[in-house]
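To start, the structure under review is shown below, and the notes come after it.
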Amino acid sequence: MLKLKTQPQSVTKNSYAQIKNSRFNNSASNIISIKTRWDDTYNSFSYFTQQTIDYALQSAISEFKIRNPNIQCWQDLLDLLPESKIIRMNQAFIDTTMQRLLKQLWCVEIFHNFNPIKAMPIQVYRPNLENQEYIAWDGQHTLVTLWLIATHIFGLDPEKDEILIPVNVYKTSLKAVMRDSFIGHNGGAYKELLDQADKIEQMVYGVRIDNSDNPEWTKVEIKQSILEKYDLFLTKKHAPDEHQPGAMTRAQEFMKLSPDTLEWLCQYLVAAGCNNRPVEEKEMVMMSYFFDRCHNEKINVDRQYITDIAMIASKYWNCDFSPNSVFWIKSQSAYHNWHSTHVFGVQPRFNKEPLHGYPFLVSQLVKDLPRHKFPMPNTNSNFIPNQNDLFV
């Protein structure tokens, strides 16, 4: 039988997961200019994504001119923006550790549909009252959009031209408080909503950079350390890196699992080959549910236990839980056979979730690994597959 490993892999020098997770290694803020934020994000994308951004930007430039025929210079635009403290654009900088990853296409979409009445002043603070730098802790997408308009519509250079922008200056340097505000207030029709992955990122930064002792944030940072230990990383569904080795797109399970349970899951994922491929969504759902049940039933889970489970998954369905995999084909067949002899008057409705997948998984493990104890199904289903319908 194939021998699998659950030890953290001796990772390659520049694995993608290491590069992705390295953003959390800073112990201080990373302050960069607006242009650098745009260029760094753009250069991280594939050629195809860059082409998409270029096309969308050109479309936005044309649309802006059509929608705003009365805006002929920057002052015309400034006169329509909300009144607040006015600073020069080149005085504004972005703290990348207090902002989510820049979504360039969202900036271009704001640009495309730009309405000055909807623009909000940039939220900034001054870390040093001796200089004239204002650090944006919220509103980077608005700030970058204004930069795009200044440079692409009016041909202005923030380093040479006086481009004034509205900001709200917050008289505090308590970054943990601002970060908590950033998490709590990001929502609404004109702002890009923070999703769970964005919030997780902010919590990790809050602990590692701001030294926050918020219990929830501390727990999340511990779990991030576990991902780093096993060369895995959290990202978003449809993000450019969702197909990279070690990518997880299910923040729900990350948040739900205890640190110990997450470590069991990561050990399994390493054994199942996820250092060389992304973590499939249903794989994350199924195995998170499995190890959470182990935790709840206080089952002794050690490396041998996890290795044995991964070997069974590899032997019969190649550790593949994707919707069209042989695991679901086999479990659906078992469900239909069970349904035909136990349920009458109701059409079978197989569910490719733990509801029906978990009873099949546990039955297979019990059959092949009788020396181990496994958590029994706790789903709202009476489905128990016939032994003859399991893998052999």
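For residues that are part of a loop (DSSP other than H, G, I, E, B) and not aliphatic (A, V, I, L, M), scanning just the stretch 81-104, find the one that is surrounded by the fewest Cβ atoms within 10 Å (Cβ to Cβ). Steps first, please.
So the first thing to find is which residues in the stretch 81-104 are part of a loop (DSSP other than H, G, I, E, B), and the list is 81-84, 99-103.
With the extra rule that they be not aliphatic (A, V, I, L, M), the set shrinks to 82-84, 99-100, 103.
Numbers: PRO82: 12, GLU83: 9, SER84: 14, GLN99: 21, ARG100: 19, LYS103: 16.
My answer is GLU83.
To keep it simple, each residue is scored yes or no on (1) within 30 Å of the chain's Cα centre (by Cα); (2) at pLDDT 75 or above; (3) in a loop (DSSP other than H, G, I, E, B); (4) among the charged types (D, E, K, R).
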site	(1), (2), (3), (4)
ILE149	yes, yes, no, no
ASP157	no, yes, yes, yes
PRO166	no, yes, no, no
ALA176	yes, yes, no, no
LEU194	yes, no, yes, no
**Prompt:** How many residues are of a type in the set (Asp, Glu) and either at pLDDT below 95 or surrounded by 14 or more Cβ atoms within 10 Å (Cβ to Cβ) (or both) when one looks only at the stretch 40-56?
**Reply:** 1
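Considering only residues that are in a loop (DSSP other than H, G, I, E, B), of a type outside the set (S, T, N, Q) and within 22 Å of ASN378 (Cα to Cα), which ones fall in the stretch 292-312?
Scanning the stretch 292-312 gives GLU297, LYS298, ILE299, VAL301.
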**Prompt:** ILE61: closer than 26 Å to ILE135 by Cβ and not in a loop (DSSP other than H, G, I, E, B), yes or no?
**Reply:** no
**Asked** Picking from LEU102, LEU143, which residue would you name as being in contact with a His (Cβ under 9 Å, 6 or more places away or on another chain), among the hydrophobic types (A, V, I, L, M, F, W, C), in the same structural domain as THR41 (by TED's automatic domain parsing) and in contact (Cβ under 8 Å) with a residue 40 or more places away in the chain?
**Response** LEU102
**Request:** Sort out which residues of the stretch 203-227 are acidic (Asp, Glu) and loosely packed, with under 15 Cβ neighbours inside 10 Å, and write them in order of number.
**Result:** ASP213, GLU216
**Asked** Does the stretch 105-124 contain at least one residue that is part of a loop (DSSP other than H, G, I, E, B), of a type in the set (S, T, N, Q) and at pLDDT below 85?
**Response** no
**Prompt:** Do we find a residue being in a helix (DSSP H, G or I), under 32 Å from the mean Cα position of the chain (by Cα), at pLDDT 95 or above and more than 14 Å from CYS294 (Cβ to Cβ) anywhere in the stretch 365-383?
**Reply:** no
**SER59, sole failed condition from (1) in the same structural domain as VAL167 (by TED's automatic domain parsing); (2) surrounded by fewer than 17 Cβ atoms within 10 Å (Cβ to Cβ); (3) within 24 Å of the chain's Cα centre (by Cα)** = (3)
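The values are calculated or read from the model by the stated rules, or taken from the named source; none is laboratory data. Quantities reported herein were computed from a predicted structural model and do not represent experimental measurements. Using ideal geometry, Cβ is built from the backbone for each residue, glycine included, and neighbour counts are taken over all protein chains shown.
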